[in-house]
1. Obtain the nm distance between the two label points defined at residue D:275 and residue D:224 by a simple spin-label model: each point lies 7 Å from its Cα along the Cα-to-C-beta direction.
2. Quote the FRET efficiency, to the nearest 0.05, computed for residue C:37 versus residue C:169 with a Förster distance R0 of 60 Å and r equal to the Cβ-Cβ distance.
3. For labels at residue C:102 and residue C:129 in the simple 7 Å Cα→Cβ model, what's the distance in nm?
4. Can you tell me the FRET efficiency between residue B:72 and residue C:258 if r is taken as the Cβ-Cβ distance and R0 is 45 Å, rounded to the nearest 0.05?
5. Give the relative contact order (percent, whole number) for chain B; include only Cα pairs under 8 Å separated by 6+ residues.
6. Work out the mean other chain Cβ neighbour count within 10 Å for the residues of D:110-118 and drop it here as an integer.
7. Where does helix D:42-55 land angle-wise versus the long Cα axis of chain D, in degrees 0 to 90, nearest 10?
8. Hey, what number do you get for chain D at 222 nm if only DSSP H runs of n ≥ 4 count, each worth -39500 (n - 2.57), divided across all residues, to the nearest 500?
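Laboratory data are not the source of any read-out in this text; all were calculated from the coordinates shown. All values reported here derive from a predicted model rather than from experimental measurement. Because the Cβ atoms are built from the backbone with ideal geometry, glycine has one as well, and the counts that use them run over all protein chains shown.
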């Protein structure tokens, strides 16, 4: 045994650096990092902007947050857009949501949003564009 | 307690005697845990089934002895039982097909070619899969509308109409068998490879000197010496296939009609969907005897070695 | 060059075989990341607008982490018990003793009892042992498997007699002989045991279904079976779940396959 | 490590692994409830249980949920072991057998004590839970079959309205069938295809449920017609071979004119078929307004140690308030009249099509068929269906098939 140990790497190294430790270890580290990310980014804020057909911000549009429940989307919260057309929800609980925006005379819009984990903080890159043609869902 | 201490102090004969009783105790105590588990989860339940098969019973009702009525009904009146029996035998009969394919592949990856470990790994990969998942995968492959197999068949104009594989009385059983062979193939191959490795190379050399061509060498040397491995393949493969319930349960649930009903699924349905535990028990007993007979027959064919994996 | 030419048909056949073995995996993997309606015809070979959201759906549709943990605990228990118990039983079968044939027959016939027919008595027995709805109760019926006993037996049989006799002359007890002489030579059998018992316990469906009561004790196959229920069939989430369930098994196999595939095949030649 | 230590640690490990999860349902105030594949409503149930626990201090509730096909296996094992859950949610006709075997508690006295509670429910749905004049279940959520039709295909074939008679049903199907397109599909599990028989006046059993009554020339003629239509492609073969996914999926693909199925199909079909909107999909009663229910009801195990408490829990979960919430969240009807009204109201604006579908479930509840209270329903089904299937798929002469089915059904009836 002793001869072998002299020749090979130290025993602790052999126990530590083999694929049976490294692969699960690697997966474990990825899981920890991912969870750390999730814990710091799960406040449930959903932010975005609403614009009209020409791209100008829409103030006072009613934005609704719909949360997926079994077969359909259920209304969870609603808010009004500010002067610059922006809106923000603070406590989205889900990972599969839809946002709808509507303002009388301007039009409406509804978009699905998929998140990578529940309550993921997100700021929409593309604004909701209201159009008169969009009816219902 | 120490054996070393006794070694020097005890007379030779006494020593061997004590040693042999000690050894018997050791052997049986080594066997005991496994035996207990088999007793609890195999033998006792089998005995329960045997008793129940002569009774009329369902949960909450007292058992009544009815003699051979369950067996009489099974053999005389129950068409579904016969269909399930034939389907089960069909699946048993398909095992040699899978083994033949595996034998071919094993011979190929046993040759000295590059990347053979990669081939071995890839071919074996289907065996460790969860059967429920395999069933879902194949259900999806055979899907009538967007399954890959129908897609390929339609693209190549082999058929104009999509074939409803798993809903067809003709196709359902072959499809289930194909999925089963797919899953077992790697396992068969590994067992056969193990067997191939035990064949001494000098036998081949001698045969080559005698001028036997490779086909004759295969027939005269490989096949006979592989018999234990092939037997093992057959027994394990067959038992795995006919006692595994998940694949058919998820793929077809025995349908359409009873086209893919096998004895296990029928037993399960009888017991739990129709509350006929007594009758299901009778079928279980017949099923057990059937498997015993088939295994015994295969054992005779392979050269009568129950130990099956004796390599020496 | 001559060798290359001789081998290409073999490669062709093997590549075709591997293709057949792998295509179903691909088809399911493709479906699980497809962005399009998975029921539109013709199906696309390469997924359009691939996304990972089906996996997110699966994660939240069932307590995936909890089921996963349960499956792991049960599998680990099973693996340990299998390696130890099967090695012991396998060793016993290499020795000559009265009643060996009966034991062999018993083991073999035990393989022929379909589990579905034993559910009720098995449940009652587990109940009597007080192990319902516990990890141990889930794992116990699979603590020893016949095939693996035979694998160990074959492996021990291949250990040269001379080596054992030498060890006995050295005065090693049977325990030490097994532990120090035979087990190191039976690495392949251990690997086979680990993989096979893992497969069986990881895949077990019927027993956990019956033997668990609480949500907290469910295992992954139960989650998968629940997933087949009607609503989820309409999306790729079912296939995402398949992939998530299969991944650990495949990973373990790929990690241990060197010992398994190579060990199993080369180890036996020594006999 | 010597042997003894190994053994000892082994035992300790085993003990700790075995102990914590094993909690026997011995506690006096413990209720267990087993539901049928509705784990998706976990949040709702948890809330309901919390409320119940607040109203009944000291009560513990164990909630179990099993998938449909697995539930019978689980429940029966529990029955044998004497640990059956106090409250169970049962679908279809399974309960009759369990009631006949003495597994379920007769709820009639509870109903008599509480007439106000009984009045909450639709009497037709309520009466489908009666066996030998005793009430065994309280409706949890209900569904019955209806006829979905593909308006686009109707228009293409020049058909203005859905069929009102069985003859129209077949002739419309024939008109719409063309190449890959077929006219009609039905679900076939349980007795969901039975409205087709009932439309033609065919009964399964004599009124006393003692003898088969289906082996008549009229039935043979009907099976012949169905077989011919199937062979001609008017009726899709999947109607007789598929289970749940296949027929719904085929209809969702947009190539089938009509689908006879219950309301749950709507959500499946909608999930798969992107073509579906109020202009393309219609929902109406099948000809003759016949339908077969597949209901869910709560029963109480006879072995329950706290039947009073269990009934209180059932009452709580089917109360107007909670039934309304279930109806709204899961888009089902609960047979609780007030709750269904509220549930429908909330669906109306959001999903008019779902409204139309659910509306059919409240109409013609007096014309339900295929829900006979038979103690050996499953066995009769198993005896009858394969022969029916053989006949309509043209694998057997209708007359022979009916005769064979009669023999098989008689055998089942005689056995019990």
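1. 3.5
2. On the way: r = 74 Å, r/R0 = 1.23.
Result of the calculation: an efficiency of 0.20.
3. 2.3
4. Details: r = 56 Å, r/R0 = 1.25.
Plugging the Cβ-Cβ distance into 1/(1 + (r/R0)^6) gives 0.20.
5. Details: 317 pairs, mean separation 81.0, N = 312.
Answer for chain B is 26 percent.
6. Numbers: counts 0, 0, 0, 0, 0, 0, 0, 0, 0.
Mean shielding count: 0.
7. Between the helix axis and the principal axis of chain D, the angle is about 50 degrees.
8. Values: 20 runs with 203 residues, N = 416.
The helix contribution divided over chain D gives -14500 deg cm²/dmol.
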